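Trainee: Below is one structure. I have some questions about it.
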Amino acid sequence: MLDINEAQRENHIAFLNLGFRPLFFSASLSSVLLMLGWFLIYQFGDQAITQIPAQYWHAHEMIFAYTMAVVVGFLLTAVKNWTGVQTIHGRLLLMLLMVWLIARFLPFVDGFPLILQAIIDTAFLLFSAVAVAYPVVKVRMWKNFGVVSKVMLMAIAHIVYYLGLLGILEHGVQWGLYGAFYLILALIFVMARRVVPFFIERGVDSEQPLKNSILIDAASMILFLAYAVFEVFWQTNMVYMVSFLLFVLHSIRLYFWHHSGIWKTTLLWSLYLAYLFLAIGFGLKTGSYFVTISPYLVIHCFALGIGMFSIAMMSRVTL
């Protein structure tokens, strides 16, 4: 499913031959530094990173910097395998990486215009969207365009976030951050539906294919769309019913995917547990209707699932 072929390379730097190498490495290193930076900010009470409130910086960097570097690195590699069309490498890949790196430092440059920061930061997502969409459009493999299009939607959410910071859009920061967060969850649900049972079946040498339900697939997508709309744009108690149904559906999916052999292989149980935390996130949201549960606990339960899933996938692809 991710058979890596490095034929016909123009440069001799292996690090820049495939998209996942520089982006996975940079994302992994940045995750440590970003969490360390957030710990220091949170511990010592700094309220702002130059022009950006500290909590917005933390959320932005974990969503748009770390997670999107992983997503783009994965898609640049996966799209090449899906389509047979070479994705960017060499100088173009280095340029993409440099834009991403520069954007990580700009929030700490005092006096740097926020509008220029927004343009440079968003350029990474726009460039990435074009890079992963081009091979799919070229071979007209439209069935995979839904996954690729989420990168463009992330770029739109990023623009909305900066419009909020610039004071142009009243709820822009909230819409941008939470919209992007749920887009990432949607992308993970789509990817997990493909890769988790695929990896488990081959990892445990299962003679019987793992059971999947078209009804659960369709219902979970529709309900998650409703959940995201309720959480981002329309606050209503209906969200608790939707979260309960999502908890049940994803729990059933986990039951269908379970095999005792997964606990013998790290790259299998890590994916399985990551998905479990996503299901638990919906359970916590449901429980918050009956008892006091911080909304940040719900968000960070989802975030833990995202983090575990991304680490597991980076390890799998890299190996």
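Trainee: If I ask for residues that are under 21 Å from ILE63 (Cα atoms) and not charged (D, E, K, R), which ones from the stretch 285-304 would you list? Give the derivation first.
Mentor: Keep residues of the stretch 285-304 that are under 21 Å from ILE63 (Cα atoms), which gives 285, 294-304.
Correct list: SER294, PRO295, TYR296, LEU297, VAL298, ILE299, HIS300, CYS301, PHE302, ALA303, LEU304.
Trainee: Sort out which residues of the stretch 149-183 are free of Cβ contacts under 8 Å to residues at least 12 places away in the same chain and part of a helix (DSSP H, G or I), and write them in order of number.
Mentor: The first filter runs over the stretch 149-183 and keeps only residues free of Cβ contacts under 8 Å to residues at least 12 places away in the same chain, leaving 156, 167-171.
Of everything in the stretch 149-183, just one residue is free of Cβ contacts under 8 Å to residues at least 12 places away in the same chain and part of a helix (DSSP H, G or I), namely ILE156.
Residue-by-condition table, conditions (1) open to solvent by less than 60 Å² (accessible area, probe 1.4 Å); (2) within 30 Å of GLU170 (Cβ to Cβ); (3) touching a Leu at 6+ places or on another chain (Cβ under 6 Å):
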{"residue": "ALA218", "(1), (2), (3)": "yes, no, no"}
{"residue": "ALA226", "(1), (2), (3)": "yes, yes, no"}
{"residue": "THR236", "(1), (2), (3)": "yes, yes, no"}
{"residue": "TYR240", "(1), (2), (3)": "yes, yes, no"}
{"residue": "SER243", "(1), (2), (3)": "yes, yes, no"}
{"residue": "LEU246", "(1), (2), (3)": "yes, yes, yes"}
{"residue": "SER251", "(1), (2), (3)": "yes, no, no"}
{"residue": "GLY261", "(1), (2), (3)": "yes, no, no"}
{"residue": "TRP269", "(1), (2), (3)": "no, no, no"}
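Trainee: For the stretch 97-116, what are the residues that are part of a helix (DSSP H, G or I) and in contact (Cβ under 8 Å) with a residue 60 or more places away in the chain? Even if it seems obvious, please write down each step before you answer.
Mentor: Step one: filter the stretch 97-116 for residues part of a helix (DSSP H, G or I), giving 97-108, 114-116.
LEU97, TRP100, LEU101, ARG104, LEU114 - these are the residues of the stretch 97-116 that are part of a helix (DSSP H, G or I) and in contact (Cβ under 8 Å) with a residue 60 or more places away in the chain.
Trainee: With at pLDDT 90 or above, in a helix (DSSP H, G or I), farther than 25 Å from VAL32 by Cβ and of a type in the set (Gly, Ala, Ser) as the only criterion, which of SER310, SER251 stands out? Don't jump to the end; show me each part of the working.
Mentor: Values: SER310 fails: farther than 25 Å from VAL32 by Cβ.
Testing whether each residue is at pLDDT 90 or above, in a helix (DSSP H, G or I), farther than 25 Å from VAL32 by Cβ and of a type in the set (Gly, Ala, Ser) leaves just SER251.
Trainee: Here is a follow-up. In the stretch 24-63, which residues are crowded, with 19+ Cβ neighbours inside 10 Å, out of contact with any Pro (no Cβ under 8 Å at 6 or more places or on another chain) and among the aromatic types (Phe, Trp, Tyr)?
Mentor: Answer for the stretch 24-63, where residues must be crowded, with 19+ Cβ neighbours inside 10 Å, out of contact with any Pro (no Cβ under 8 Å at 6 or more places or on another chain) and among the aromatic types (Phe, Trp, Tyr): PHE24, TYR56.
Trainee: Report yes if some residue within the stretch 109-125 is surrounded by 14 or more Cβ atoms within 10 Å (Cβ to Cβ) and closer than 21 Å to MET314 by Cβ; otherwise report no.
Mentor: yes
Trainee: Would you mind finding the one in LEU183, LEU169, LEU165, LEU153 that is of a type in the set (A, V, I, L, M) and open to solvent by 70 Å² or more (accessible area, probe 1.4 Å)? Walk me through how you get there before you give the answer.
Mentor: Working: LEU183 fails: open to solvent by 70 Å² or more (accessible area, probe 1.4 Å); LEU169 fails: open to solvent by 70 Å² or more (accessible area, probe 1.4 Å); LEU165 fails: open to solvent by 70 Å² or more (accessible area, probe 1.4 Å).
From the options LEU183, LEU169, LEU165, LEU153, the qualifying one is LEU153.
The values are calculated or read from the model by the stated rules, or taken from the named source; none is laboratory data. The structure presented is a predicted model; accordingly, all values stated were derived computationally and were not measured. We place every Cβ from the backbone using ideal geometry, glycine too, and count neighbours over all the protein chains shown. These area figures cover heavy atoms from the full protein model, side chains too; ligands, DNA and RNA do not enter into them. Shrake-Rupley method; radii C 1.70, N 1.55, O 1.52, S 1.80 Å.
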